[in-house]
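Asker: Take a look at the following structure, please.
What follows is calculated from the coordinates using simple rules that are stated; it is not laboratory data. As the structure is a prediction and not an experimental result, all values here were calculated from the model. Glycine also receives a Cβ, built like all others from the backbone with ideal geometry; neighbour counts cover every protein chain displayed.
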Amino acid sequence: MTFAGCGDAFGSGGRFQACIHLRHAGLEAPVLLDCGATSLTALRRCGLDPAEIGAVVVSHLHGDHFGGLPFLILDGQFTRRAAPLVVAGPPGTGRRLTEAIECMFPGSSRVRRRFEVSVVELSPGGTAAVAGITAEAWQASHPSGGPALVLRLAVGGKVIAYTGDTAWSPAVGHAAAGADLLIAEAYYWDKAVPHHLRYADLVEHEREITARRVVLTHMSADMLARQQEAIHETARDGLVITV
Ligand SMILES: [Zn+2]
Ligand SMILES: [Zn+2]
């Protein structure tokens, strides 16, 4: 997997917004985990072809997590993409995606496309099979105009959990139980901020997190300045890991 983008919403540290690219021999096409507004640039900088992506799993409907979808879809239109694209996200994803496309490129949501874009809405407590992966979702604690999700993805026998953005919630422990990897938000080191995970939360709840490996992401400037003090691995744009 490639952390094409692992930044927060505001470009802290010059990083791109959330965009994690998964590739597995058992998948027909690569899958994206979140697609922030900067994702096309982030993917191309890593030499990854946006047109190859078969599915995007979205944690929640904030621009730094799904705002790249209008560009991804329009790029497919202009490059004569033929392969279908599946977007899986929380309830409301279909409507919000149409609104985002229409807001940024008026008229383009109604253009007849050469490739199919289908939306799978995944409710907290639900499971969905998407493009060869199984996605299970829990309710995150993060207002975004719809439920935000903590995700657990089964990809070819490996389990990857992802907090998305959330205040600490037992859902993180459930989603990450025995997982091969937990991708965890660490927005601030220990400053009290609402609706987000701090590194201090992950340390405090360490015993509830039984994932074999943890990689920190979505770091603010505050957290980036202290990341050397963290005992967990930290992501950076372009980081490639094998799970
Ligand atoms: Zn968010
Ligand atoms: Zn975010």
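Asker: Along Cα→Cβ, 7 Å out, is where each label goes; now give me the distance between the ones at Leu27 and Gln139 in nm to one decimal.
Answerer: 2.9 nm
Asker: Another question about this same structure. How would Phe71, Phe66 line up from fewest to most surrounding beta-carbon atoms within 10 angstrom? Intermediate values should be presented prior to the final figure.
Answerer: On the way: Phe71 20, Phe66 28.
Ranking Phe71, Phe66 by Cβ neighbours within 10 Å, fewest first, gives Phe71, Phe66.
Asker: How about the stretch 81-125: which GluC sites (Glu not before Pro) there are in a DSSP loop, with at most 13 other Cβ atoms within 10 Å of their Cβ?
Answerer: Here the GluC sites (Glu not before Pro) that fit, given the DSSP loop and packing criteria, are Glu116.
Asker: Let me ask you something else. Give me the angle, in degrees from 0 to 90, between the Cα long axis of helix 93-104 and the longest principal axis of the Cα atoms of the chain, rounded to the nearest 10.
Answerer: It works out to around 70 degrees.
Asker: Could you list Cys46, Cys19, Cys103, Cys6 in order of exposure, starting from the residue whose Cβ has the fewest other Cβ atoms within 10 Å?
Answerer: Details: Cys46 18, Cys19 31, Cys103 10, Cys6 27.
In increasing order of surrounding Cβ atoms, one gets Cys103, Cys46, Cys6, Cys19.
Asker: Most fluctuating residue of Gly36, Gly157, Gly76 in a GNM of the chain with Cα springs under 10 Å: which is it?
Answerer: Gly157
Asker: While we're here: Taking neighbour counts of Cβ atoms within 10 Å as a proxy for exposure, in what order, fewest first, do Ser39, Ser141 appear? Kindly include the intermediate steps, with their values, before the conclusion.
Answerer: Working: Ser39 31, Ser141 17.
In order of increasing Cβ crowding within 10 Å: Ser141, Ser39.
Asker: Something else about it: Calculate how steeply helix 69-78 sits against the longest principal axis of the alpha-carbon atoms of the chain, using the helix alpha-carbon long axis, and give the answer as 0 to 90 degrees to the nearest 10.
Answerer: In the chain, helix 69-78 runs at an angle near 30 degrees to the longest axis.
Asker: First select every other residue whose beta carbon is under 15 angstrom from the beta carbon of Ala37; then total the charges, Lys and Arg +1, Asp and Glu -1.
Answerer: -3
Asker: Sequence-distant or interchain residues sharing an amide H contact under 5 Å with Leu33, placed H: which?
Answerer: Under 5 Å from the amide H of Leu33: Ile20, His21, Leu22, Val57.
Asker: What's the extension gain from Arg110 to Glu208 if we count 0.36 nm per residue and subtract their Cα-Cα distance? Mind showing how you got there, number by number?
Answerer: On the way: separation 98, 0.36 × 98 = 35.28 nm, distance 4.63 nm.
Length gained between Arg110 and Glu208: 30.7 nm.
Asker: Please figure out what share of the DSSP beta bridges in the stretch 10-90 is antiparallel and state it in percent, rounded to the nearest 5.
Answerer: 35 percent
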